[in-house]
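As structure tokens, the structure follows; a few thoughts come after it.
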Amino acid sequence: MQRIGYIGLGIMGRPMARNLLKAGFQLTVWNRTAEKSAELAEAGATVVESPAEVARAVEAVCINVTDTPDVEQVIFGRRGILESNSGESADLLVIDHSTISPSATRQFAERLAERRIAMLDAPVSGGDIGAQRGQLSIMVGGDEAVFERCRPTLEVNAGQLTHVGPIGSGQLTKAANQVLCAVHMMALCEAMMLARAQGLDLSAMLQVTGAGAGGSWALSNLGPKIAAGDIEPGFMIDLILKDLEIVRDEARQCGLPMPGLDLAAAMFRAAAKQGLGRKGTHALCRVYEELAGIRFAPSP
């Protein structure tokens, strides 16, 4: 496949689409906010006015939007992807990089299959840093033959690319990933709070613990930002809250108690109430600063 479409050019979608252009793919893009397409247009992408126009021009459409209703609208809504297909062609593929409901994903795939369109659910992890470097962890659900056909496209943005099972499995894997991310962020803030309160040098503490059993992506990439007072988003608090609701729904269906998830969600909700919803998940540190009466970053 050489002709790829990309729908959704936010913090993650724009660098992922740019990486596809750099890799030599012919790219057609659409974004609800048209201004976000300008940078890619200058780099050689074709900008169109609807998801349907994207789908008509390409062999595979990548979607990277916010939530389950957004994916549904892009695919099935007015001027959506489905409007581009009369049911006569089985060539079009849909690759959904969004983080949405696993059960809804399975339903979307069934509806697309009725029109002979194959779908992969391929959510990503690694934040804006991983997207910019093309080093994301991509977890893919769907037919294995379709996965192999899409592998060259997916590998452009992947540091780790794994087919995890049938359709919906990618979203279930991402749900598990988000539990880890949420609880890791609490642990990181509490560890740094302890270090700061006792007068430790945060840079040294982060360096040595990051090399040991306590290390994590959050510690290595977001710990230094907390120490510097930088809470700008790679992944927003509003979005982790949305993802944790997806996890909560899946846990309810299985009858699973998840006390760590419940506590993390409560802490992130407290951050959102402080007006931090559109800041990075590491802005959770502001809640801890208020609770402890300390500051992680040195005063200006």
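Structure values in brief
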| item | result |
| --- | --- |
| When residues of region 1-56 are limited to those that are within 16 Å of Arg79 (Cα to Cα) and touching a residue at least 40 places away in the same chain (Cβ under 8 Å), the one nearest to the chain's Cα centre (by Cα) | Gly8 |
| Subset of region 207-226 (residues that are surrounded by fewer than 22 Cβ atoms within 10 Å (Cβ to Cβ) and in contact with a strand residue (DSSP E or B) (Cβ under 8 Å, 6 or more places away or on another chain)) | Lys225 |
| Failed criterion for Ala270 (all others in (1) closer than 24 Å to Glu232 by Cα; (2) in a loop (DSSP other than H, G, I, E, B); (3) at pLDDT 95 or above hold) | (2) |
| Criterion (assigned by TED's automatic domain parsing to the domain that holds Val183 and more than 25 Å from Asn64 (Cα to Cα)) met by exactly one of Leu276, Leu256, Leu244 | Leu256 |
| Any chance Leu154 is over 12 Å from the mean Cα position of the chain (by Cα) and over 22 Å from Ala251 (Cβ atoms) | yes |
| Residues that are out of contact with any Leu (no Cβ under 7 Å at 6 or more places or on another chain), touching a residue at least 12 places away in the same chain (Cβ under 8 Å) and of a type outside the set (A, V, I, L, M), drawn from region 263-277 | Gln274, Gly277 |
| Some residue of region 198-206 being buried (at least 17 other Cβ atoms within 10 Å of the Cβ), without any contact (Cβ under 8 Å) to a residue 24 or more places away in the chain and not in a loop (DSSP other than H, G, I, E, B) | yes |
| Spans of helices (runs of 4 or more DSSP H) in region 59-177 with at least 3 residues among the charged types (D, E, K, R) and in contact (Cβ under 8 Å) with a residue 60 or more places away in the chain | none |
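The values are calculated or read from the model by the stated rules, or taken from the named source; none is laboratory data. Please read all numbers here as calculations on a predicted model, not as lab measurements. Cβ atoms come from the backbone with ideal geometry, glycine included; neighbour counts cover every protein chain shown.
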